[in-house]
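The values are calculated or read from the model by the stated rules, or taken from the named source; none is laboratory data. Not measured: the values here are computed from a predicted model. Positions of Cβ are generated from backbone atoms using ideal geometry, with glycine treated the same way; all protein chains shown enter the neighbour counts. All accessible areas refer to the heavy atoms of the entire protein, side chains included, with ligands and DNA or RNA removed. Shrake-Rupley method; radii C 1.70, N 1.55, O 1.52, S 1.80 Å.
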Amino acid sequence: MDEQLRLLKKFFGYDDFRPLQADIIKRTIEKKDSLVLMPTGGGKSICYQLPAIYMPGTAIIISPLIALMKDQVEGLIANGIPAAALNSAMPDGEKWQIKQRCLQGRMKLLYISPEGMISELERLLLQMEISLIAIDEAHCISQWGHDFRPEYTQLAVLKERFPGVPVIALTATADKITRHDIVEQLKLNDPETFISSFDRPNLSLAVRRGLSPKEKIAEIVRFIRFRPGQSGIIYCRKRSDTEAVADILTDKHSIPAIAYHAGLTPTKREKAQDDFINDRVDVVCATIAFGMGIDKSNIRWVIHYNMPGSIENYYQEIGRSGRDGVASDTVLYYSLGDLVLLRRFAEESGQVNINMEKLYRMQRYCETDLCRRRILLSYFGEEATDDCGNCDVCRNPPRQFDGSILIQKALSAILRTEERAGMRMLIDILRGSARMELLQLNYHQLKTYGAGRDLSYPVWKEYIYQMLQLGFIEIDYLNNQVLKATPLGRKVLFGEAKAMLTLYKEPEEVFASKNVKKDRKTSAPSPAGISRTDSGAPDAALMTALRQLRKQLAQQEKMPAYIIFSDASLQDMVFKKPVTLETFSEVKGVGDTKLEKYGNMFVSLIRSVLNGRE
């Protein structure tokens with residue numbers, strides 16, 4: 001991989017690959033198909049951008065949104081890589097020039113929408129030398145996925161028309177069903193699935209329950225004021241809420257904010273997004289589609305004004321903060337009203353059982369007293385044996401006990417039913433129920449029948465959901481949602497590991513005003529983000545100067561500041577304090593093109609600030 005490492009440094013300014021990137025790149029260069037799951041900010045784009053540079057021909061990148069294509073193309077061009085996007089909004093003359101460059105082999109990456117791919121298949125693509133095909137946001141092809149898009153189903157034609165071209169499907173969130181469906185729908189040829197760690201340790205996680213709109217606004221205002229100058233998104237379910245929240249923040253609290261939703265005119269939507277991307281406004285109140293189409297790396301926080309309908313949606317949306325790896329914060333507001341509305345949506349959907357179960361998992365995430373990061377990782381099939389220390393539950397730990405025996409009882413019953421029981425049946429077995437269905441299946445003859453009759457049904461249900469959230473058991477959605485033991489669970493069952501559970505509490509009236517006040521007092525969002533990202537920096541004065549220079553360059557070149565250099569690159573400059581071009585080249589994110597273009601200016605500034613201090 002020596003040549004690939006050289007290209008990584010030359011064009012992207014990094015010395016080493018992240019986990020799995022080198023293996024994915026190697027497989028693509030060998031012209032083999034891959035399915036890649038990496039969290040937002042995990043380095044998915046390098047997996048196809050670098051082999052696109054290395055391999056002869058042009059890489060075709062299927063992307064769902066014009067803004068996303070524009071953002072990535074600008075970043076590639078800034079790094080000295082020939083890239084372009086084709087979309088229906090372009091003038092015909094510009095489209096003709098791009099196509100000619102593709103046909104002449106002068107373009108390394110061409111971004112195009114699924115619809116554009118179909119329309120250009122015969123006229124352009126079949127005449128090009130195509131190096132690879134990358135399908136971004138690949139979960140959109142699956143009806144099991146959280147963001148199904150009918151136009152993505154057309155992409156199955158790619159393997160038929162380009163059988164020798166490697167296809168790499170990429171997504172940030174996809175459960176087992178969705179992953180299987182992606183492979184089937186795209187007709188991938190013996191693909192290898194690469195699943196990166198879903199852990200985003202730079203993101204703090206917090207959930208706030210049962211607050212009124214007025215109380216939520218008061219907390220949000222305090223939260224934002226703790227983070228001056230930081231970019232953030234407030235996700236709202238209803239279009240009217242995006243406008244109402246933006247107006248309240250702007251008019252009543254002097255916090256400039258803009259609204260973004262599908263009901264705005266295209267001109268207003270484009271202006272709102274452009275103002276946010278270019279740091280002319282720090283706060284955007286938006287419906288959930290916002291953010292999918294941008295690659296803004298310096299979003300420092302995400303607030304959910306309402307609970308999302310699934311963990312997949314939630315994880316993708318919080319992933320839009322801290323893409324550069326710098327410490328960032330997330331807060332989710334959850335109420336009974338959210339749950340009632342989302343339950344109705346799920347019941348009216350075409351996949352009631354699946355969507356109801358996903359909603360219940362999201363509800364449990366909001367209501368749990370367990371480490372939230374462990375729940376997220378378990379949902380995506382990743383084991384985590386230690387609490388994170390960076391969520392509201394870890395910061396205010398609940399009472400726990402050794403739950404190994406309870407887990408052993410549950411898992412023993414699951415295995416003795418040959419993993420054919422759902423949650424209700426499992427609890428009935430443990431409690432020694434005389435329900436007719438249980439007796440007909442002879443489950444009353446199991447050794448574990450009645451082994452947990454000392455606990456009530458609600459208590460067992462609570463503990464089984466904790467086992468599910470912690471990764472000791474899993475749900476087989478394709479097989480009547482039966483429960484199955486995981487490898488981690490078997491370790492506990494056979495005495496190879498112990499496990500802590502959170503002590504069950506009787507249900508509380510969490511929406512009652514007296515408890516809301518108590519909850520607000522004990523666990524309001526802290527200002528940790530500002531201390532971690534700003535005042536904790538090695539040299540705040542130098543950081544301020546670097547940001548100002550970056551902003552001036554961005555305005556001159558009419559591009560987002562994070563494309564000039566990310567916040568992570570600026571922090572590395574502050575840490576390393578390079579005063580020569582040679583040492584500046586060692587800064588993260590400084591490739592050959594940016595070294596030549598910006599090196600002297602940033603080195604001169606750093607020298608000036610350091611000399612002025614002396």
Cross-chain or 6+ apart pairs with Cβ under 8 Å, the stretch 365-380 first and under 18 Å from V331 (Cβ atoms) and of a type in the set (S, T, N, Q), then at pLDDT 85 or above and open to solvent by 10 Å² or more (accessible area, probe 1.4 Å): T368/V393
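Scanning for something open to solvent by 50 Å² or more (accessible area, probe 1.4 Å), modelled with pLDDT of 90 or more, among the basic types (K, R) and under 26 Å from K597 (Cα atoms), does the stretch 24-31 turn up at least one residue? Can you show your working first?
Filtering the stretch 24-31 for residues open to solvent by 50 Å² or more (accessible area, probe 1.4 Å) gives 26, 30-31.
Checking which are modelled with pLDDT of 90 or more leaves us with 26, 30-31.
Narrowing the set further to residues that are among the basic types (K, R) leaves 26, 31.
Cutting the leftovers down to under 26 Å from K597 (Cα atoms) gives us none.
No, the conditions are met nowhere in the stretch 24-31.
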Of the criteria (1) without any contact (Cβ under 8 Å) to a residue 40 or more places away in the chain; (2) part of a strand (DSSP E or B); (3) of a type in the set (A, V, I, L, M), which one V284 fails: (1)
Complete set of residues in the stretch 393-403 that are open to solvent by 20 Å² or more (accessible area, probe 1.4 Å) and either in contact with a Leu (Cβ under 8 Å, 6 or more places away or on another chain) or not in a helix (DSSP H, G or I) (or both): N396, P397, P398, R399, Q400, F401, D402
Only one of L406, L426, L411 that is part of a helix (DSSP H, G or I), under 25 Å from E357 (Cα atoms), open to solvent by 20 Å² or more (accessible area, probe 1.4 Å) and at pLDDT 95 or above: L406
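For the stretch 579-599, give me the residue count where each residue is assigned to a helix (DSSP H, G or I) and open to solvent by less than 100 Å² (accessible area, probe 1.4 Å).
From the stretch 579-599, those assigned to a helix (DSSP H, G or I) are 581-584, 592-599; that's our starting set.
Of the ones still in play, those that are also open to solvent by less than 100 Å² (accessible area, probe 1.4 Å) are 581, 583-584, 592-595, 598-599.
Summing the residues that are assigned to a helix (DSSP H, G or I) and open to solvent by less than 100 Å² (accessible area, probe 1.4 Å) in the stretch 579-599 gives 9.
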Any chance R361 is among the basic types (K, R), more than 20 Å from the chain's Cα centre (by Cα) and at pLDDT 85 or above: no
Conditions (1) over 18 Å from L483 (Cβ atoms); (2) within 35 Å of the chain's Cα centre (by Cα); (3) modelled with pLDDT of 90 or more; number of the one not met by V393: (3)
Qualifying positions in the stretch 436-471 - of a type outside the set (D, E), loosely packed, with under 14 Cβ neighbours inside 10 Å and out of contact with any Gly (no Cβ under 9 Å at 6 or more places or on another chain): M436, L439, Q440, N442, Q445, K447, S456, Y457, P458
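Could you tell me whether any residue of the stretch 177-199 is in a loop (DSSP other than H, G, I, E, B), among the β-branched types (V, I, T) and more than 28 Å from Q552 (Cβ to Cβ)? Don't jump to the end; show me each part of the working.
Here is the first cut: in the stretch 177-199, the ones in a loop (DSSP other than H, G, I, E, B) are 187-191, 196-199.
Imposing the further condition that a residue be among the β-branched types (V, I, T) reduces the set to none.
Checked against the condition, which is being in a loop (DSSP other than H, G, I, E, B), among the β-branched types (V, I, T) and more than 28 Å from Q552 (Cβ to Cβ), the stretch 177-199 yields no hits at all.
Take V36 and tell me if it is β-branched (V, I, T) and either open to solvent by 20 Å² or more (accessible area, probe 1.4 Å) or free of Cβ contacts under 8 Å to residues at least 40 places away in the same chain (or both). Lay out the reasoning, then the answer.
Numbers: β-branched (V, I, T): yes; either open to solvent by 20 Å² or more (accessible area, probe 1.4 Å) or free of Cβ contacts under 8 Å to residues at least 40 places away in the same chain (or both): no.
Taking the combined requirement at face value, the residue does not satisfy it.
Any residue that is closer than 18 Å to I375 by Cβ, in a loop (DSSP other than H, G, I, E, B) and hydroxyl-bearing (S, T, Y) - is there at least one of those in the stretch 470-482? Can you show your working first?
The initial filter retains those residues of the stretch 470-482 that are closer than 18 Å to I375 by Cβ, namely 470-475, 477.
Adding the requirement that they be in a loop (DSSP other than H, G, I, E, B) leaves 470-472, 477.
Subsequent filtering for residues that are hydroxyl-bearing (S, T, Y) retains 477.
Scanning the stretch 470-482, I find at least one residue that is closer than 18 Å to I375 by Cβ, in a loop (DSSP other than H, G, I, E, B) and hydroxyl-bearing (S, T, Y), so the answer is yes.
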Search result, residues across the stretch 220-252 that are assigned to a helix (DSSP H, G or I) and either within 24 Å of the chain's Cα centre (by Cα) or buried (at least 20 other Cβ atoms within 10 Å of the Cβ) (or both): I220, F223, I224, R239, D241, T242, V245, A246, L249
Elements of type helices (runs of 4 or more DSSP H) in the stretch 57-168, at least 1 residues being in contact with a strand residue (DSSP E or B) (Cβ under 9 Å, 6 or more places away or on another chain) and over 30 Å from L553 (Cβ atoms): 92-103, 114-120, 157-161
Subset tally (residues that are surrounded by fewer than 24 Cβ atoms within 10 Å (Cβ to Cβ) and part of a helix (DSSP H, G or I)) for the stretch 298-316: 4
Residue within the stretch 203-214 that is free of Cβ contacts under 8 Å to residues at least 24 places away in the same chain, among the basic types (K, R) and farther than 24 Å from G309 by Cα present: no
